[in-house]
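No value in this document is a laboratory result; all are computed from the given coordinates. Here the structure is a predicted model, which means the values were calculated and not measured. Positions of Cβ are backbone-derived with ideal geometry, glycine not excepted, and every protein chain shown enters the neighbour counts.
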Amino acid sequence: MSNTSFQPILVAGAGSALAQTLQTALESKGLPFCGACSSQEGLAACQARGWPAIPLGDIETLPERAEALVGAPIEALVDFLHSPMECLLPQAGPADIDQWAIRDIAQRARLLRACSRAMLARRRGRCLFVSSSAALRPGKGQGFYAAAKLAGESLYRSIGLELASRGVTACSLRLSWIDAGRGAAFLAGRRQKAEGLMPAGRLVTARQATDALLFLLQEGSAAFNAVALDLDGGFSAVKPVC
């Protein structure tokens, strides 16, 4: 299996804690990357660490703007984008639902369209979507979050089906509870109970998630195509205990 990575790498949602863990690993390996941030806070966090980063901005021009910054065409996309919308479905306002659909579904479709078209022009590319075990096992209040993750998985699967014969592959990585970012906030006061539900008695770490993404960015991993892979420590296989 070849360990040559697709590069440079565009990291969408680069301001998130997990995305920053990935970028730290990319930097340590000397792999070129560019972050794309949907908020000024995320952009400032990347720039403060000396990482190349640009606003998400006009998605249609994102691949060209990233190429101009890193000096080479983008060969890989790692998509961490998600909005914080979590609430019971009947509680959501109509305007909030419309904005959620734009941010978490339409925006992702446009991002994937723009990046895959740029890759297709060179017949070389890799697209990775960071999904969640909530896509299949949502908790109460995660209806919108789960729907967005399922929609994202479907879009990435379609890219893998449609473009693999022309050099562009895609897959999704479903993560369970990780003690980073919004996961850390959720686990505050729940960590011991959460670990008790994991077969190994411990959570998946941000480093393990990053290592999996680095593996999937290798050329030899391109056969993982049009699929969603579970990285949850066996959590999805556990029968709930009453």
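Some notes on this structure:
- Principal-axis analysis of the Cα atoms of the chain puts helix 143-163 at an angle of about 30° to the longest axis.
- The chain: angle of helix 17-28 to the longest principal axis, Cα-based, in degrees nearest 10: 40 degrees
- The trypsin sites (Lys or Arg not before Pro) found in the stretch 70-167 that occupy coil by DSSP, while having at most 10 further C-beta atoms within 10 Å, are LYS140.
- With kT/(6 pi eta Rh) evaluated at 20 °C and eta = 1.002 mPa s, and Rh the Kirkwood radius from Cα pairs, the stretch 56-107 diffuses with a coefficient of 160 µm²/s according to Stokes-Einstein.
- A simple packing score, the average count of other Cβ atoms within 10 Å per residue, orders the peptides 226-234, 168-176 as 168-176, 226-234, with the highest score first.
- Listed residue (PRO8, ALA92, GLY143) projecting farthest to the positive dipole end of the chain, Cβ model: GLY143
- This ranking places SER158, SER16 by how few other beta-carbon atoms lie within 10 Å of each, fewest first, which gives SER158, SER16.
- Cα convex hull volume per residue for the chain (Å³): 133 Å³
- As a calculated quantity, the FRET efficiency between ARG110 and ALA44 at R0 = 22 Å, using C-beta atoms, amounts to about 0.35.
- Gap separating the Cα centres of the stretch 206-228 and the stretch 79-104, nearest whole Å: 28 Å
- Cβ-placed point charges (K, R +1; D, E -1), dipole of the chain about Cα centre in debye, nearest 20: 420 debye
- When the alpha carbon gyration tensor of the stretch 1-74 is reduced to an equivalent ellipsoid, its three semi-axes come out at 19, 16, 10 angstrom, largest first.
- For the chain, lysine pairs with C-alpha atoms less than 23 angstrom apart, excluding pairs fewer than eight positions apart on the same chain, total 5.
- The angle between the Cα long axis of helix 206-216 and the longest principal axis of the Cα atoms of the chain comes to about 40 degrees, rounded to the nearest 10.
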